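What follows is a short report on a single structure.
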Amino acid sequence: MKKTSFGKLIRSLRTQNRMTQAQLAAKIGVTDKAVSKWERDLSYPDITLFPKLADILGVTVNDLVNDSVWEGRPSRLLQIFEMSPDIRTPLHIILGCVEMAQSHKEDEQQLTHYLENIRISGEYLLGAFDRIMEVTDQERRTMETLRAASKTEAKPLNEYLDKLSGRRGKSIRDYDFTGRRILVAEDIAINREIAGEILGQTGAEVEYARNGKICLEMVEHAPAGYYDLILMDIIMPEMDGIEATRRIRAIPDAGKASVPIIAASANVSEKDRKASMDAGMNAFAEKPFFIEKLFAAMQACLSSSRRS
């Protein structure tokens, strides 16, 4: 039996609770435009909003999950989750800590520190995947069908691994940013540490800002040309990376306003990339970082800055 769409469910529950879109939006902490898009199936709530949304509408999280399956498709919740920072952020931390652990094999204290962060992030990921598995039997059957189909079409895993074993990308030591001053805007401490370690091994001097507001202030107060590049996280408290970039680009001093800025985000949708470029960023680096891609983007931005 065909289920109602997720958007129609939200609209029906909102109406039953005698709330306008604006009232529901205010209770959840989003814009009324966001609620309107949900109800028209143009976009869907982030996974972190499901418990609050369920509580306000008088249903359970499982009710929302169950009704996100319709027309025999995988859950929209699952589609959202696959691209969610809930997955990519801990992956970024794990991969970064592995990179740093390899560089500190002889330092037992540092090695223990990175291994502990890997363990914590791994446990968080495990919990995230457990939540994904809390779907209906109908969705499980759908996913099993899709998996079976993909296995018949996909190349064998060992063939893929064989190809990888013959590749060797550039390592951190193949890059030299000696003398470059990089400002890292990032609110998560371990991510600041990872970025600092990686960039430090290239000879770069690194400074940090815990949010976009502090980043903006540091650029405003420093002499023009003091920072060679900013690695800007998108989602930060007080002021996000998008707004911080807009304000930096609006600084009257052209020497400060033109500093190269690379977006760094676990949100990798085309919408986020476009928002970053529209704000005036020069490039986009997804988390988890792929060193070769990140440093290639940095080289391109720094070369372009020197020419201009």
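Each value in this text was obtained by applying a stated rule to the coordinates, not by laboratory testing. Values in this document were obtained by computation on a predicted structure and should not be read as measured data. Counting neighbours? That spans all protein chains shown, and the Cβs are built from the backbone with ideal geometry, glycine included.
General remarks:
- Among VAL61, VAL184, sorting on how many other beta-carbon atoms sit within 10 Å of each Cβ, with the fewest leading, yields VAL61, VAL184.
- Rule-of-thumb Rg ratio for segment 172-307 [Cα; 2.2 N^0.38 Å; N residues]: 0.94
- Classification of segment 200-252 by its C-alpha gyration tensor yields an oblate form. The axis ratio a/c (a ≥ b ≥ c) is 1.5 or more, and b/c is at least a/b.
- When the square roots of the Cα gyration tensor eigenvalues are ordered a ≥ b ≥ c, the ratio a/c for segment 1-46 is 1.5 or more and a/b does not exceed b/c, which makes its shape oblate.
- Spin-label model, ASP278/ALA296: points 7 Å from Cα along the beta carbon direction are separated by 2.8 nm.
- Added length on full extension, which subtracts the Cα-Cα distance from 0.36 nm per residue, LYS271 to HIS221: 14.8 nm
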